[in-house]
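Before any comments, here is the structure.
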């Protein structure tokens, strides 16, 4: 299994404090992963900044 996380930190939500917004997104993702009963390949979702804009994605993939 391979997990891929990509975040594009170039919009307004990251301007004041890039590290805070990145950490906030990752904490929110960690909470979703922890509560997900079927953590397996094929699960993916968009990542959103504080303003609700899509800034990246998270995906789980089968390794070969």
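For residue 27, which of the numbered conditions (1) modelled with pLDDT of 95 or more; (2) touching a strand residue (DSSP E or B) at 6+ places or on another chain (Cβ under 6 Å) fails to hold?
(2)
Mind listing whichever residues of the range 1-27 are in contact (Cβ under 8 Å) with a residue 12 or more places away in the chain and under 14 Å from the mean Cα position of the chain (by Cα)? Can you show your working first?
First pass over the range 1-27, keeping only residues in contact (Cβ under 8 Å) with a residue 12 or more places away in the chain: 1-9, 11-14, 21-22, 24-26.
3, 4, 5, 6, 7, 8, 9, 21, 22, 24, 25, 26 - these are the residues of the range 1-27 that are in contact (Cβ under 8 Å) with a residue 12 or more places away in the chain and under 14 Å from the mean Cα position of the chain (by Cα).
The values are calculated or read from the model by the stated rules, or taken from the named source; none is laboratory data. These figures come from a predicted structure and were not determined experimentally. When we count neighbours, we look across all protein chains shown, and the Cβ atoms used for this are built from the backbone with ideal geometry, even at glycine.
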